[in-house]
Amino acid sequence: MKVWRWGLAATGVASLMACVGSTQYRFDENDSDLFTASPASPVQLFAKPKDQVQAPTLASLINSQHYADAIELIERDIRAHDTPETRQQLAQVTKLADYYDKVVGADIEDAVSKQDWNTVYRLLDQATALYPQGAAVREWRSALAAHRQVRADDLKVSLLMERAAWLLQSRTVLEELVNLEPRNTVATGKLDEVRSEAQSLAMRLSKIGIAALTNKDLELAERCLTLADRLHPIAENILALERLDRAQLEVTQEKRKQRLREEQEQARRDAEKRKQSLHAVEERQQQQSRHMVDDINATLAKGDLLRAQAMLEQLRGADKNNSQIPVLEQTLAGAIAARVDELLEKGNTLYSNGDIEQAKTVWEEALLLNPGSTRARARVARAQQVLSNLREQQQKKASN
């Protein structure tokens with residue numbers, strides 16, 4: 001850790017200096033020594049009247065970040081000379097110390113996240129020496145003390161397991177050697193020692209495994225109990241292995257149930273998502289249908305009946321169950337019937353006036369609106385016949 005971010009710390013010290021307004025202190029931030037008085041004032045930061053010689057000590061304590069000692073020094077001064085100025089000093093130094101505590105706590109947390117235990121304990125030891133009463137320091141000291149104990153226990157168990165593995169291998173080798181050399185008293189004695197230690201170690205590992213089983217640490221329990229059983233089977237360990245099998249089965253079943261619950265929940269979420277998607281699609285379709293109905297009504301109002309017919313056909317294809325379709329069909333049919341009657345009458349007038357070609361055009365428009373109109377079809381056929389006769393007469397006259 002660096003020298004505790006003096007850029008920010010200096011700001012705290014500067015504010016502390018500024019609070020002591022009753023004495024003529026001046027802090028020069030460009031000075032290499034944060035607590036050296038500027039040339040304009042021979043008095044150092046936190047200096048007090050000449051009869052109180054603690055001021056330089058206070059400045060050096062803060063400069064070296066010994067906040068606990070600095071606070072104790074000010075409190076001692078308060079007991080001797082309780083003034084508003086010294087109490088304000090105490091508040092400012094405490095604030096600076098709390099900032100230090102907050103920063104060192106953050107640095108320890110960062111080192112813990114990186115599993116950098118050397119840095120963790122170095123920072124903690126340093127902070128404990130400088131400001132042990134800090135909230136973060138106390139909290140981390142307690143947490144890391146527990147971590148140290150857990151880690152130490154893990155290492156001890158690892159050593160026991162390594163020893164157990166060595167004993168198993170040694171016992172196998174010695175048993176083979178004794179079988180080959182039954183009179184080898186050295187090998188026989190060594191084998192007895194290994195067997196005795198294996199029995200003792202099996203009891204220790206069995207005890208650890210049973211405790212782990214009670215604490216639901218099934219992985220550690222399996223390792224310890226299995227090794228203990230290989231070293232020296234005992235009834236208590238065999239019973240613990242049976243408990244372990246049941247516990248592992250329960251865990252497996254619970255995992256299966258949990259996975260099933262998760263799958264069911266996922267299926268429910270998927271179904272809900274599909275339902276929402278379908279609802280959104282239906283809402284878009286309904287909105288589109290409403291727009292189409294509005295457009296058809298607007299087109300009918302303009303009298304563009306052919307376009308209205310085409311738009312109504314599109315609406316049938318997009319939303320055949322739309323409740324407005326029968327209403328629109330009835331409205332359109334009435335408009336078409338009225339327009340056809342109007343066009344037939346108009347064509348009759350044109351025909352009577354001798355404008356056969358124009359009459360035919362008007363009647364064809366009526367037939368286009370209502371292809372099933374027999375009246376429009378008959379009039380168009382009559383006009384075509386008359387026009388055909390007229391062309392034949394003109395051709396005869398031209399040939400004569």
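Below is a table of values for the structure above.
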read-out: From the options A127, A91, A106, residue that is surrounded by 14 or more Cβ atoms within 10 Å (Cβ to Cβ), among the aliphatic types (A, V, I, L, M) and at pLDDT 90 or above; value: A127
read-out: So K190, is it surrounded by 12 or more Cβ atoms within 10 Å (Cβ to Cβ) and either touching a strand residue (DSSP E or B) at 6+ places or on another chain (Cβ under 7 Å) or farther than 27 Å from E250 by Cβ (or both); value: yes
read-out: Of all residues making up the range 152-164, the number that are under 18 Å from S196 (Cα atoms) and either more than 47 Å from the chain's Cα centre (by Cα) or in contact (Cβ under 8 Å) with a residue 40 or more places away in the chain (or both); value: 3
read-out: Pairs, first at negative phi in the range 366-392, second surrounded by 12 or more Cβ atoms within 10 Å (Cβ to Cβ) and assigned to a loop (DSSP other than H, G, I, E, B), C-beta under 9 Å, six or more apart; value: A366/S373; L367/S373; A376/N370
read-out: I238 among the aliphatic types (A, V, I, L, M), under 12 Å from A164 (Cβ atoms) and part of a helix (DSSP H, G or I); value: no
read-out: Subset of the range 348-363 (residues that are in contact with a Lys or Arg (Cβ under 9 Å, 6 or more places away or on another chain) and within 19 Å of L306 (Cβ to Cβ)); value: K360, V362, W363
read-out: Close pairs (6 angstrom Cβ cut-off, 6 or more residues apart or separate chains): within 22 Å of Q65 (Cα to Cα) in the range 125-149, among the basic types (K, R) and in a helix (DSSP H, G or I) anywhere; value: none
read-out: Pair list, Cβ under 7 Å, 6 or more apart: the range 297-308 residue within 16 Å of N370 (Cβ to Cβ), other residue among the polar types (S, T, N, Q); value: L300/T331; R307/T299; A308/T299
read-out: Residue among S399, S352 that is at pLDDT below 90 and not basic (K, R); value: S399
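Conditions (1) small (G, A, S); (2) more than 30 Å from T331 (Cβ to Cβ), marked per residue:
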position	(1), (2)
R223	no, yes
Q258	no, yes
S277	yes, yes
Q309	no, no
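Every residue, every condition in (1) touching a His at 6+ places or on another chain (Cβ under 9 Å); (2) among the aliphatic types (A, V, I, L, M); (3) not assigned by TED's automatic domain parsing to the domain that holds S64, yes or no:
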| residue | (1), (2), (3) |
| --- | --- |
| I108 | no, yes, no |
| D116 | no, no, no |
| T128 | no, no, no |
| R138 | no, no, yes |
| A143 | no, yes, yes |
| V157 | no, yes, yes |
| E162 | no, no, yes |
| L168 | no, yes, yes |
| V173 | no, yes, yes |
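The values are calculated or read from the model by the stated rules, or taken from the named source; none is laboratory data. Keep in mind that this is a model prediction, so the values were computed, not measured. Note that we place each Cβ from the backbone using ideal geometry, even for glycine, and neighbour counts take in every protein chain shown.
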